[in-house]
Amino acid sequence: MQNHDDLNQRVPKKAKSLIRFAPVWAEGKHWHPNFGNYLTLTLLKRNLPKKVSFKRAYAGWRSSGAKEEKELGEGRAFLRWLQKHHLAIDWCEKDFELDPLFHHPEAPKHDPQDEMAQGLSFAIRPVVVDNRKVKLYIKDEDILGLWSLSYGEEVDFLELVSHYIKKRFLWHSWNAPAPSFIDWVRSDGKRPIFGPGQIGFLISYLKTE
């Protein structure tokens, strides 16, 4: 039987921020950066030789006038400034807070030697289908798309993963092309409900201090 806390966490997710940034003091006030999920992931994965801290970069952008913010929005304007100066962020854990569903103690992680996981930020807990333990790999942008789905029949995320893999076995036996997981979920009119420990999130070069 599921406890109350677990049930509270298994709720529909709308267009909710997956990551919340720590406030930054700049130009005489506290700013609360909000770049949106897609731009946030782009910024987190941007990796160049020249790096500065998030607070220093954001404060520098604000002090420069943030001239393109009204035209492009906060996230794109900040990214444009970083590109102009050939900078990436030297991220630390204290720079942002991840949604609790993605840093659960039992959240899965990618094996560093797993070639299939290269470049992927999200790890999916393996499922057992037809007595086989199977790990599904999903593109970062597809995870964000699933996270922000606002319609469809609500189904547990790993239950959807199991059904999809079973279908994949069938399609493979037919030598038939298989749709991506997110396309299959959308076409079947489903909406994933995420539970604690089902998905893990990792940036390989994230500093812990």
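Quick look at the numbers
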| item | result |
| --- | --- |
| Selection from segment 17-49 of residues that are in contact with a Pro (Cβ under 6 Å, 6 or more places away or on another chain) and among the hydrophobic types (A, V, I, L, M, F, W, C) | F21 |
| 3 or more residues buried (at least 16 other Cβ atoms within 10 Å of the Cβ): qualifying strands (runs of 3 or more DSSP E) within segment 89-167 | 122-124 |
| Matching residues in segment 32-52 - criterion: being assigned to a loop (DSSP other than H, G, I, E, B), crowded, with 16+ Cβ neighbours inside 10 Å and touching a Phe, Trp or Tyr at 6+ places or on another chain (Cβ under 9 Å) | P33, F35 |
| Count of residues meeting criterion [among the acidic types (D, E) and open to solvent by 60 Å² or more (accessible area, probe 1.4 Å)] in segment 69-88 | 1 |
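The values are calculated or read from the model by the stated rules, or taken from the named source; none is laboratory data. Just so it is clear, the model here is predicted, and its values are computed rather than measured. Note that each Cβ is placed from the backbone with ideal geometry, even for glycine, and that neighbours are counted across all protein chains shown. When the accessible area is computed, the model is the full protein with side chains, heavy atoms only, and any ligands, DNA or RNA have been set aside. Shrake-Rupley method; radii C 1.70, N 1.55, O 1.52, S 1.80 Å.
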